[in-house]
Every structure is written in structure tokens, then in C-alpha cells.
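Notes to accompany the following structure.
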Amino acid sequence: MYHAGVRAAQSEILKTHSQLTFQEAGFRYSLKYAPGRVTYSATNGVNSETAGALWAFGAGKIAQTYVLEKGGAYIEGRVSYYTKLGSLDITPGHSATPPQDVEDALGQKMDGDTARRCFSCHTTAAVTSRVFESEKAIPGVRCEACHGPGARHVEAMNAGEDDQSPATIMNPKYLPPSDSVDFCGACHRTWADVAVEMPTYIGDTSLRFQPYRLEKSRCWKESGDARIICIACHDPHRPLDHELSDYDSKCLACHSAKPESRGQKAMNTACRVGTSNCVSCHMPKYEVPHLHATFTDHYIRVIRPNESDHGVPLP
């Protein structure tokens with residue numbers, strides 16, 4: 001998360017690829033890096049539009065999208081860099097239909113609410129006291145992005161007072177299950193974000209939204225379960241674990257043949273197939289072609305033959 005946003009001129013991707021181009025229909029796009037400046041342009045061969053790229057959102061493990069500034073307005077660039085391709089393609093959420101003119105080819109203008117949300121998830125301190133001030137944004141997701149202002153906490157610790165009360169610091173660890181997942185979902189998309197704000201049918205794009213998929217799980221139930229909230233499996237202070245076996249202990253803590261050893265009632269019987277690499281079957285990975293990436297499906301379930309869910313093809 002620390003690398004969720006950088007100023008475009010500091011983007012390692014752009015430093016490595018000093019000129020990127022993309023062609024669609026009658027339009028040609030160009031992203032050029034020079035020390036201290038990145039320019040983004042679109043042309044149809046007759047007319048051209050150019051804007052400065054100020055921010056690069058996304059760590060680049062999958063993709064990186066560029067926020068442009070023109071005429072005092074922010075614009076989400078129509079094309080993004082995709083790591084798997086090593087080149088540009090259409091930004092997620094943008095129409096596959098070619099733009100009407102070169103102005104539209106630059107990208108989508110961001111209204112105030114959209115800009116606020118984008119900066120809030122990719123930078124720190126762009127919004128303070130409910131006021132959006134993008135010029136004060138600190139690149140990436142830092143401590144205070146999740147924990148809130150920390151000055152009083154630092155003062156208490158320096159004074160030898162081990163005070164982690166809500167009066168000095170906000171600790172998401174103590175949120176109720178539903179609130180905890182919604183807290184992470186503020187950036188990773190909650191059920192409400194998908195159900196209310198997005199088209200009825202979004203197909204395999206929903207795989208990007210882990211909290212939404214997680215809350216579809218049968219074991220989540222109405223009020224949630226603290227044993228399967230986001231931070232039960234992922235430590236936000238450490239790099240993501242990629243070994244499938246690293247998550248077995250989390251699964252078996254609930255689906256155990258001997259739940260009494262933990263003083264808890266098992267949510268279900270132990271798996272009849274195996275006790276290792278649980279997520280390979282119950283949280284499989286699927287490729288999303290238009291995003292040029294593979295995502296782990298956080299909808300925990302027993303997958304039946306020929307099953308399908310919201311456009312996601314399943315074996």
C-alpha cells in the first residue's frame with residue numbers, strides 16, 4: 001500500500017519506459033517521461049491534446065493509471081500501463097468504444113467526489129478535516145491513512161504511556177467484523193459500492209473487489225465473522241504472502257476435525273479432499289482478460305462443476 005501512489009515524475013515504470021504509445025481506431029496515445037515532467041498526449045492525426053501527468057496511481061504489480069491535469073481539472077488518463085503487457089491499454093472502467101474526439105481521448109474528467117476518493121485511497125492526507133487539498137497529498141498509503149492523526153499517540157508513547165486508546169489513535173483491529181471489512185472496502189470496494197454504484201452486471205470485474213466477494217461467502221453470515229475478516233488473513237504491515245500453504249492455518253482454525261482444541265465450534269466439517277493449499281480449491285485464481293491480470297476470488301465456497309457466478313467462468 002505504501003506504493004499505491006507516486007508523483008508521475010517519480011514513477012519507476014515511467015523512468016524505465018521513457019516513451020509509451022498506444023493505438024486504437026484513429027487515435028494514437030503517447031506517454032513521455034523527462035526528468036521532472038511527464039506529458040500525456042492524444043491525436044487523431046489532425047488534432048492533438050496534451051496534458052501533464054501529475055500522479056501515477058497503482059503500485060505497478062498489475063497496472064498503473066495516470067492522473068492528468070488540464071485547465072485546473074483532474075483527468076483519469078484513458079490508457080494505463082499494464083505490467084503483464086509491458087505496455088499501455090485501456091484503463092479499467094473506461095468504455096471500449098473509441099472516443100468521439102481528442103479531448104475525450106485524454107480520459108475521463110474527475111468530479112470533486114471522484115478525485116477525493118481516488119486520492120484518499122492512493123495517497124495520504126489529501127483530505128483533512130473533510131477538506132480535499134490534493135496539493136498536500138503525501139504519496140502512498142502511510143500510517144495515518146488508516147490510523148488517523150498520530151501526534152497525540154506519539155506524545156503518549158514518548159512520555160512512557162503505552163496508550164492505544166481511541167483518544168490518541170484509531171486502531172482498526174478492534175472494529176466489529178462488518179465494520180472491519182467495510183473499513184478495508186473503503187478502498188477495495190464494499191458490497192454496497194458494487195451493488196449500489198456499479199452496473200447490474202459487471203462480470204469478472206467483480207474479482208477485483210475482495211470485500212464484496214468475501215461478504216458473499218456463506219460463512220460470512222449476516223453480521224460477519226471475525227475469523228474471516230481481511231486482517232485475519234492479511235497483515236497490512238507486511239508484504240502479501242503468496243504461498244498458498246501460508247493460509248492453511250486460517251482455514252483449519254474453523255474447518256478442523258478437532259475444533260474443541262481451540263475452544264471453538266467448527267463452522268463445518270474438515271475437508272474430505274485435503275488439509276493443505278485449501279485456497280487453491282475454495283478461493284481459486286481467475287484471469288480477467290481485459291485487466292491483463294489474475295485475481296484470487298475471495299468468495300469462499302465449494303465450487304460445483306459448471307458453476308458460474310456473475311460472469312466468472314468456473315470449472
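The values are calculated or read from the model by the stated rules, or taken from the named source; none is laboratory data. Small disclaimer: the values here were computed from a predicted structure and weren't measured. For neighbour counting, all protein chains shown are included, and Cβ atoms are generated from backbone atoms with ideal geometry for every residue, glycine included.
So which residues in the stretch 89-139 are under 25 Å from Ala42 (Cβ atoms), at pLDDT 95 or above and hydroxyl-bearing (Ser, Thr, Tyr)?
Thr91
Suppose we filter Ala192, Ala145, Ala186 for residues that are assigned to a helix (DSSP H, G or I), surrounded by fewer than 17 Cβ atoms within 10 Å (Cβ to Cβ) and at pLDDT 90 or above; which single one remains? Show your work before the answer.
Details: Ala192 fails: at pLDDT 90 or above; Ala145 fails: surrounded by fewer than 17 Cβ atoms within 10 Å (Cβ to Cβ).
Only one candidate qualifies: Ala186.
Can you name the residue in the stretch 203-230 that is in contact with a helix residue (DSSP H, G or I) (Cβ under 7 Å, 6 or more places away or on another chain) and of a type in the set (Val, Ile, Thr) and, of all such residues, is nearest to Ser178 (Cα to Cα)?
Ile229
Between Tyr81, Tyr74, Tyr29, which is out of contact with any helix residue (DSSP H, G or I) (no Cβ under 6 Å at 6 or more places or on another chain) and among the aromatic types (Phe, Trp, Tyr)? It would help to see each step written out before you state the result.
Working: Tyr81 fails: out of contact with any helix residue (DSSP H, G or I) (no Cβ under 6 Å at 6 or more places or on another chain); Tyr74 fails: out of contact with any helix residue (DSSP H, G or I) (no Cβ under 6 Å at 6 or more places or on another chain).
Sole residue among the options that is out of contact with any helix residue (DSSP H, G or I) (no Cβ under 6 Å at 6 or more places or on another chain) and among the aromatic types (Phe, Trp, Tyr): Tyr29.
Is there any pair with a first residue in the stretch 100-112 that is among the β-branched types (Val, Ile, Thr) and a second that is at pLDDT 95 or above and surrounded by 16 or more Cβ atoms within 10 Å (Cβ to Cβ) whose Cβ atoms are under 6 Å apart and which are 6 or more apart or on different chains, and what are they?
Going by the 6 Å Cβ cut-off, the qualifying pairs are Val102/Ala42; Val102/Asn44; Val102/Glu49.
Given the condition among the hydrophobic types (A, V, I, L, M, F, W, C), surrounded by fewer than 20 Cβ atoms within 10 Å (Cβ to Cβ), assigned to a loop (DSSP other than H, G, I, E, B) and touching a strand residue (DSSP E or B) at 6+ places or on another chain (Cβ under 9 Å), answer yes or no: does some residue in the stretch 62-82 qualify?
The first filter runs over the stretch 62-82 and keeps only residues among the hydrophobic types (A, V, I, L, M, F, W, C), leaving 62-63, 67-68, 73, 75, 79.
With surrounded by fewer than 20 Cβ atoms within 10 Å (Cβ to Cβ) added as a condition, the list becomes 62, 73.
From what's left, assigned to a loop (DSSP other than H, G, I, E, B): 62.
Add one more test, that the residue is touching a strand residue (DSSP E or B) at 6+ places or on another chain (Cβ under 9 Å), and what stays is 62.
Yes, some residue in the stretch 62-82 is among the hydrophobic types (A, V, I, L, M, F, W, C), surrounded by fewer than 20 Cβ atoms within 10 Å (Cβ to Cβ), assigned to a loop (DSSP other than H, G, I, E, B) and touching a strand residue (DSSP E or B) at 6+ places or on another chain (Cβ under 9 Å).
What's the number of the only condition in (1) part of a strand (DSSP E or B); (2) within 18 Å of Leu85 (Cβ to Cβ) that Ala59 fails to meet?
Condition (1) is where Ala59 drops out.
Of everything in the stretch 171-183, what is farther than 21 Å from Thr124 by Cβ and either at pLDDT below 90 or surrounded by 15 or more Cβ atoms within 10 Å (Cβ to Cβ) (or both)? Give them in sequence order.
Of everything in the stretch 171-183, those that are farther than 21 Å from Thr124 by Cβ and either at pLDDT below 90 or surrounded by 15 or more Cβ atoms within 10 Å (Cβ to Cβ) (or both) turn out to be Pro177, Ser178, Val181.
Report yes if some residue within the stretch 235-245 is assigned by TED's automatic domain parsing to the domain that holds Ala293, over 24 Å from Cys121 (Cβ atoms) and either part of a helix (DSSP H, G or I) or modelled with pLDDT of 95 or more (or both); otherwise report no.
As a first pass, look at the stretch 235-245 and keep what is assigned by TED's automatic domain parsing to the domain that holds Ala293: 235-245.
Filter once more, keeping what is over 24 Å from Cys121 (Cβ atoms): 243-245.
In the following step, the residues that additionally are either part of a helix (DSSP H, G or I) or modelled with pLDDT of 95 or more (or both) were identified as 244-245.
Checking the stretch 235-245: at least one residue is assigned by TED's automatic domain parsing to the domain that holds Ala293, over 24 Å from Cys121 (Cβ atoms) and either part of a helix (DSSP H, G or I) or modelled with pLDDT of 95 or more (or both).
Could you please find all residues in the stretch 150-167 being exposed (fewer than 14 other Cβ atoms within 10 Å of the Cβ) and either within 21 Å of Met1 (Cα to Cα) or of a type in the set (A, V, I, L, M, F, W, C) (or both)?
Hits for the stretch 150-167 are Ala151, Val154, Ala159, Ala167.
Residue check: is Thr200 within 21 Å of Val288 (Cα to Cα), modelled with pLDDT under 85 and of a type outside the set (Lys, Arg)? Give the steps one after another, and end with the answer.
Details: within 21 Å of Val288 (Cα to Cα): yes; modelled with pLDDT under 85: yes; of a type outside the set (Lys, Arg): yes.
When the stated conditions are applied, Thr200 passes them.
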